[in-house]
1. With each label point set 7 Å from Cα along the Cα-Cβ vector, what nm distance links residue 207 and residue 82?
2. Grab the Cα-Cα distance for residue 140 and residue 176, subtract it from 0.36 nm times how many residues apart they are, and report the gain in nm with one decimal.
3. Given R₀ = 45 Å, what would the calculated FRET efficiency be for residue 152 paired with residue 70, taking r from the Cβ atoms and rounding to 0.05?
4. Apply the Karplus curve 6.51 cos²θ - 1.76 cosθ + 1.60, θ = phi - 60°, to the phi angles in the range 107-122 and return the couplings in whole Hz, x for Gly and Pro.
5. Using a ≥ b ≥ c from the Cα gyration tensor of the range 99-184 (square roots of the eigenvalues), is it rounded, prolate or oblate, where a/c under 1.5 gives rounded and otherwise the larger of a/b and b/c decides, a/b for prolate?
6. Kirkwood Rh and Cα-based Rg: tell me the resulting Rg over Rh for the range 92-135, rounded to two decimals.
7. As an exercise, use a Förster radius of 45 Å and the Cβ-Cβ distance of residue 122 and residue 51 to find the FRET efficiency, rounded to the nearest 0.05.
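Bear in mind these aren't lab numbers, they're just calculated from the coordinates by the rules spelled out. Just so it is clear, the structure is predicted and the values come from calculations on it, not from any experiment. We place every Cβ from the backbone using ideal geometry, glycine too, and count neighbours over all the protein chains shown.
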Amino acid sequence: MARYTGAVCRLCRREGAKLFLKGDRCYSDKCSFVKQGYAPGQHGQSRKKVSEYGIQLREKQKARRIYGVLEKQFSNYFDKAERQKGVTGENLLRLLERRLDNVVYRLGFANSRTEARQLVRHGHFTVNGRKVNIPSYQVRVGEEISVSEKSRKSPKIQEISELAAHKTVPAWLELDKEQLSGKVVSIPNREDIDAPIAEHLIVELYSR
C-alpha cells in the first residue's frame, strides 16, 4: 500500500478525531475538523451502525495515521511489541514514540510528524554526532538528537530554533534549547504518551 498523499484534513474527519497532522493549523479556526466534524464524502453525515470489528479497525487506522506508518510497518511494530515483555498495547505505543521522526517532533524541532519525517530524510539531524536520515530509526535511552552543524544556518532550521524555544517536551525527553539538541532520558511510560489511541482495541483486532 502506497503512502497517502491526499489532503490530510480528510483523515481527521474520517477518523472522527483531531490527529494533529498539520501542526499549528490544527489549533486554529482553519482546522477542517472544527468546520466539518463528519466523515468526508457524499454519505459522510449519515449515521451508520459500526460493528465491533469496525471500531477496532478505525483505532488501528487512527494510530497509523498519527505516526505516519504504512500497513506493513505497523504490522511489524505489533509483532515486535507482542514479543516483548509487558503489555502489548503499551509496548506498541512505545515503539512508535521512539521513532526518530516522532522524537524530532516531540522535541519541538518540527510543526508536525510529517515535517519531522521530511527534515530527517534530508539529513538535518544527527544521533550521537552521526547523521541519521532514517525516520523509523529507534532511538535508545542515552542517545542525543541534534540539529547537524551544516543545517544550523538554514532559514528553516532558524525557524525551528524559535519554535523549540517555546516547546514543552515530555518527561522522557530532555531538551537543550540553546544547543538545539535533545536527549532520551528514559523509555516513555503510557501516561507520557498523549496520542488519543485506545491501544487495547488494536490488540483485540490483531488477536482475531
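1. Modelled inter-label distance: 1.2 nm.
2. 11.2 nm
3. 0.90
4. Those phi angles translate into 6, x, 8, 7, 6, 8, 5, 5, 5, 4, 4, 5, 5, 5, 4, 7 Hz.
5. rounded
6. 0.95
7. Values: r = 42 Å, r/R0 = 0.94.
Result of the calculation: an efficiency of 0.60.
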